[in-house]
Amino acid sequence: MSVTVMEPHTDVKAVWPDWFREQQTAAMADHEATPRPTRKDEPWRFANLAAVDLTDFRAAAPVASEGRLINASKGLDEVAARVIFGNNVLLHQESKALPEGVIFKPMEVAARENEELFRKFFMVQPVELGSHRFAALHKARLTTGAFLYVPKNTEVVLPIEIFHWVEGENASVFPHTLIVCGENSRVTVIDNFKSSDGKRAFSCGVNDLHLERGAELTYVAVQDWAPESLAFHINSTIVERDATSTALNINFGGGFVRGESLSRLVGEGARSEMFSLNPMDGKRQIDQRTLQDHVAPHAFSDLLYLNALDGKSRTIFAGLIKVGKKAHQTDAYQKVRNIMLSDEAEANSMPGLEILADDVRCTHGATAGEINEEELFYMEARGIPESVGRRLILNGFFQSLLERLKSPSLRAYLSQLVGKRLGVK
Amino acid sequence: MSLTIQNLSATIGETEILKGLSLEIPKGEVHALMGKNGSGKSTLAKVMAGHPAYTVTGGDIQLDGESLLEIEPDMRSRMGLFLAFQYPMEIPGVTIANFLRAAVQVRLAEGEELEAVAYYKNLYSKMDALKIDRAFTARSVNEGFSGGEKKRCEILQMAMLEPSYAVLDETDSGLDIDALKIVSDGVNALRGPERGFLVITHYQRLLDYIVPDVVHVMVDGRIVMSGDKDLALKLEAEGYDWVEKETAAAA
């Protein structure tokens with residue numbers, strides 16, 4: 001694998017502090033020293049390792065038209081702030097309604113100006129779900145990304161939007177989002193991953209979320225890479241006492257997407273909701289590995305992943321609920337639901353439990369089914385053609401997950417995105 | 001102009017349920033279809049709507065002279081046939097507003113856009129008439145509805161789609177008297193020279209509210225007797241045994 005060609009064009013030496021550049025050198029050594037995954041590794045069971053071949057990928061050149069991408073970076077009508085990256089470079093940043101004390105800036109600026117915070121939270125969690133090698137590559141090749149810190153008792157009312165664009169055949173990007181929510185703070189972030197030109201690309205991204213006591217974070221990732229692309233989305237979420245994390249990963253695109261989500265409940269009363277919504281078609285594949293790690297007692301976690309599989313698409317879900325010795329009175333749920341739309345699609349679900357504490361309530365399960373023919377007939381009996389009815393039912397399947405989000409405006413926005421993707425309305 | 005069923009036979013799997021049934025519902029009339037459980041009433045409704053589980057083995061169903069047998073269920077609906085389901089399906093995540101909008105939309109000419117304001121105005125006025133809370137538009141179709149709410153929602157759909165012929169399959173089952181009145185008022189409001197009804201019911205009670213022009217009795221996959229509304233009263237009072245005896249004697 002030729003990682004040297006992925007060296008960034010931007011002059012990293014000029015923007016990052018020396019201590020970080022040293023970390024990057026070490027990360028590259030770590031990357032190279034870490035063996036490639038094999039299917040004998042538990043986190044890569046059933047995985048399509050042939051898809052994880054980085055040979056063709058190249059460093060991303062600067063984007064052709066910054067203006068076009070900035071104009072195309074439109075999500076919600078009203079946002080508190082928006083930041084746009086294209087091919088590992090900051091293209092645009094605007095702040096409209098950020099309260100006093102909120103830090104929202106590119107990673108490299110935060111590394112210089114907020115060194116203590118940055119060091120405390122930047123990629124400090126071990127990568128436990130299989131992609132250590134790729135997380136190390138990410139760290140070594142990082143040029144920029146979004147750094148958000150919301151101070152104690154601060155609410156950012158409107159959502160914050162982040163856009164990561166990739167452009168060019170076989171271009172490589174390393175998107176990063178780091179969110180730290182101070183005590184009793186509240187914020188919503190929508191992280192968008194988009195292709196500028198529909199060409200095959202490589203993304204190796206990390207997002208780390210940290211919620212201090214009583215904080216409330218809603219994080220939504222809307223991934224819409226080009227259909228041939230290879231993407232890693234490596235996440236860790238740390239939830240402290242009485243804090244509530246709601247994370248939703250929507251995967252509209254990508255040829256092979258590996259998603260790793262780890263949620264660690266480290267304080268009593270911590271809550272973590274982990275959602276994913278995946279309309280799969282063509283030959284697209286998604287490989288999701290999750291861990292609900294209950295360290296503290298009286299915590300709650302709920303994972304719900306929904307897949308619709310058409311064409312020759314393939315999904316892998318492997319999830320573990322781990323309840324530590326001290327995590328008494330844990331409430332933990334895990335469910336993956338697959339709707340099979342084609343005989344040639346394949347869903348693999350491996351839910352798991354590991355419980356070391358007493359007095360816990362845990363359920364997990366996976367279901368696979370087809371579209372209910374009686375529901376379809378009911379729609380047809382109202383004049384709705386079968387193809388439209390199928391899309392409506394599928395859309396309904398996903399909408400029932402979106403209903404779990406608290407904010408009506410966010411629900412409406414995402415509902416529209418999902419509807420559009422499914423060709424409804 | 002009529003909905004005409006001629007000598008219709010239909011099976012599910014190996015079992016023959018309809019055995020040469022004939023019936024004509026002219027526009028402007030309300031026909032009631034009564035019969036014991038298992039006589040084939042609901043099968044008739046589903047076969048008319050084109051349910052894929054049933055196979056028509058003989059005869060024909062014609063809507064204003066056009067055979068429906070080779071026509072898909074959605075097209076039958078757009079041609080003007082409506083079935084109010086005995087057991088309306090729950091469709092999670094699909095709101096009533098979006099469901100009905102899709103159904104109205106497919107009836108528009110190509111390129112024609114639905115007028116959202118007019119659509120909601122129409123929808124709300126019909127919901128008000130059926131005493132359905134406007135908040136229901138945002139709820140998933142039939143999900144968590146009571147029996148009465150489901151049936152009112154069926155009538156709402158009928159009112160929105162304005163069919164030429166409506167088949168109501170045991171719309172009265174599971175309704176208390178208040179709900180029955182509301183549903184009947186909804187049906188009666190749609191009665192008129194431009195519309196025909198087939199009201200399938202088990203009980204005469206419904207026919208006190210939706211007064212039929214003709215009552216048919218179904219036994220073992222056939223219509224064996226037809227009469228006016230007094231026939232329904234007689235069935236209510238005396239049961240079905242005498243019908244079966246008379247039919248057997250005639251055969």
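The values are calculated or read from the model by the stated rules, or taken from the named source; none is laboratory data. Only a predicted model underlies this, so the values are computations on that prediction, with no experimental measurement involved. Note: ideal-geometry Cβ built from the backbone for every residue, glycine included; neighbour counts use all protein chains shown. With ligands, DNA and RNA removed, areas are computed over all heavy atoms of the protein, side chains included. Shrake-Rupley method; radii C 1.70, N 1.55, O 1.52, S 1.80 Å.
Where nothing but the Cβ of Lys and Arg (+1) and of Asp and Glu (-1) is charged, how large is the charge dipole of chain A around its Cα centre, in debye to the nearest 20?
160
Over chain A, calculate the relative contact order: mean separation of alpha carbon pairs under 8 Å at least 6 apart, over the residue count, as a percent.
9
Within a Cβ distance under 13 Å of A:Leu304, other residues only, what is the Lys/Arg minus Asp/Glu net charge?
0
Of the trypsin sites (Lys or Arg not before Pro) in region B:1-84, which ones lie in a loop per DSSP and count no more than 10 other C-beta atoms within 10 Å?
none
Would region A:338-425 count as rounded, prolate or oblate if I go by the C-alpha gyration tensor, calling it rounded below 1.5 in a/c and otherwise prolate when a/b exceeds b/c, oblate otherwise?
Because a/c hits 1.5 or more and a/b fails to exceed b/c, region A:338-425 counts as oblate.
Go through region A:350-384 and flag every residue whose accessible area shrinks by 40 Å² or more with all protein chains in place compared to the isolated chain (probe 1.4 Å).
Checking the loss per residue gives A:Glu374, A:Glu375, A:Phe377, A:Tyr378, A:Met379, A:Glu380, A:Ala381, A:Arg382, A:Gly383, A:Ile384.
Would any residue of region A:147-161 have its amide N under 16 Å from a label point 7 Å out along Cα→Cβ of A:Val109? List them or say none.
Residues A:147-150, A:161 qualify, since their backbone N sits under 16 Å from the label point.
Of the beta bridges DSSP finds with both residues in chain A, what % are antiparallel, to the nearest 5?
Approximately 5 percent, going by the DSSP bridge assignments.
Show me the GluC sites (Glu not before Pro) within region B:1-94 that DSSP assigns to loop and that have at most 11 other Cβ atoms within 10 Å of their Cβ.
Loop-located and lightly packed - B:Glu14, B:Glu70.
Which residues in region A:132-148 have a backbone N closer than 14 Å to a point placed 7 Å from the Cα of A:Ala26 along the Cα-to-Cβ line?
A:136, A:139-140
Would you give the gap between the C-alpha center of region A:215-253 and the C-alpha center of region B:36-52, rounded to a whole Å?
49
Could you work out the Rg to Rh ratio of region B:25-101, with Rh taken as the Kirkwood radius (inverse of the mean 1/r over all Cα pairs)?
Here the Rg-to-Rh quotient is 0.98.
From zero up to wherever the largest Cα-Cα distance of region A:374-425 sits, split into 10 Å bins and tell me the percent of pairs in each.
P(r) over region A:374-425, rounded to whole percents: 26, 45, 24, 4.
For chain B, compute Rh as the Kirkwood radius over C-alpha pairs and then the Stokes-Einstein diffusion coefficient at 10 °C and 1.306 mPa s; write the answer in µm²/s, rounded to an integer.
It diffuses with D of about 85 µm²/s by this estimate.
Counting only heavy atoms of protein chains, what accessible area per residue, in Å², does region A:316-425 have with a probe of 1.4 Å?
47
Between B:Glu66 and B:Glu162, what's the calculated FRET efficiency when r is the beta-carbon distance and R0 is 25 Å? Round to 0.05.
It comes out at approximately 0.85.
Which one, A:Thr237, A:Gln24, A:Leu304, projects farthest toward the positive side of the charge dipole computed for region A:4-370 from Cβ point charges (K/R +1, D/E -1)?
A:Gln24
Per the 1.4 Å probe, what fraction of the accessible area of the protein assembly as shown, in percent, lies on carbon and sulfur atoms?
The computed percentage sits at 48.
Mean separation of Cα pairs under 8 Å and 6+ residues apart, divided by the residue count of region B:1-157: what relative contact order is that in percent?
21
Once fully extended, how much extra length lies between A:Asn71 and A:Arg58, figured as 0.36 nm per residue of separation less the alpha-carbon to alpha-carbon distance?
2.1 nm
If one computes the Cα centroid of region B:1-18 and of region A:55-82, what distance in Å separates the two points?
Using only Cα atoms to place each centre, the spacing works out to 61 Å.
Roughly how large is the B-A contact in terms of buried accessible area, totalled over both chains, probe 1.4 Å, nearest 100 Å²?
2100
Please list, by residue number, every one of the GluC sites (Glu not before Pro) in region B:160-247 that is coil in DSSP and has at most 15 other beta-carbon atoms within 10 Å.
Within region B:160-247, the qualifying GluC sites (Glu not before Pro) (loop, at most 15 other Cβ atoms within 10 Å) are B:Glu194.
Which one of A:Ala111, A:Thr367, A:Ala33 is farthest out on the positive end of the charge dipole of region A:4-370, using unit charges on Cβ (Lys, Arg +1; Asp, Glu -1) and the Cα centre as origin?
My answer, from the dipole projection, is A:Ala33.
Would you mind working out the magnitude of the charge dipole of region A:374-425 relative to its Cα centre, with +1 at each Lys and Arg C-beta and -1 at each Asp and Glu C-beta, to the nearest 20 Debye?
Around 380 debye, computed over region A:374-425.
Could you name the lysines whose alpha carbon sits less than 25 Å from that of A:Lys325, not counting residues in the same chain fewer than 8 places away?
Answer for A:Lys325, where 25 Å is the Cα cut-off: A:Lys335, listed by chain and number.
Identify, among B:Met75, A:Ala140, A:Phe256, the residue whose Cα sits farthest towards the positive end of the charge dipole of the protein assembly as shown, taking +1 on the Cβ of Lys and Arg and -1 on the Cβ of Asp and Glu, with the dipole about the Cα centre.
Among B:Met75, A:Ala140, A:Phe256, the one farthest towards the positive end of the dipole of the protein assembly as shown is A:Ala140.
Quickly estimate the mean residue ellipticity at 222 nm for the protein assembly as shown, helices only: each DSSP H run with n ≥ 4 gives -39500 (n - 2.57), and the total goes over all residues, rounded to 500.
Dividing the helical sum by the residues of the protein assembly as shown leaves -8000 deg cm²/dmol.
What translational D, rounded to a whole number of µm²/s, comes out for chain A from Stokes-Einstein when the hydrodynamic radius is the Kirkwood one over Cα pairs, at 10 °C and 1.306 mPa s?
D, rounded to a whole number, is 73 µm²/s.
Can you list the residues of region B:124-145 that have at least 30 square angstrom less accessible area with all protein chains present than in their chain by itself, probe 1.4 Å?
none
Could you check the spin-label model distance between A:Asp331 and A:Ala357? Points 7 Å from the Cα along Cα→Cβ, value in nm.
Once both label points are built, they end up 1.3 nm from each other.
Rolling a 1.4 Å sphere over the protein heavy atoms, what is the accessible area per residue of chain B, to the nearest Å²?
43
Calculate, in nm to one decimal, what B:Ala53 and B:Ile177 gain on full extension: separation in residues at 0.36 nm each, minus their alpha carbon distance.
Contour length minus the Cα-Cα distance gives 41.3 nm.
For region B:58-87, state which residues have at least 50 Å² less accessible area in the presence of all protein chains than in their chain by itself, taking the probe as 1.4 Å and leaving out ligands, DNA and RNA.
B:Asp74, B:Phe85
Using a ≥ b ≥ c from the Cα gyration tensor of region B:205-251 (square roots of the eigenvalues), is it rounded, prolate or oblate, where a/c under 1.5 gives rounded and otherwise the larger of a/b and b/c decides, a/b for prolate?
prolate
Pick from A:Arg133, A:Arg258, A:Arg284: which is most flexible by mean-square fluctuation in a GNM of chain A where alpha carbon atoms under 10 Å apart are linked?
A:Arg133
Using alpha carbons only, how many angstrom separate the centre of region B:94-146 from the centre of region A:267-322?
When both Cα centres are located, 34 Å separates them.
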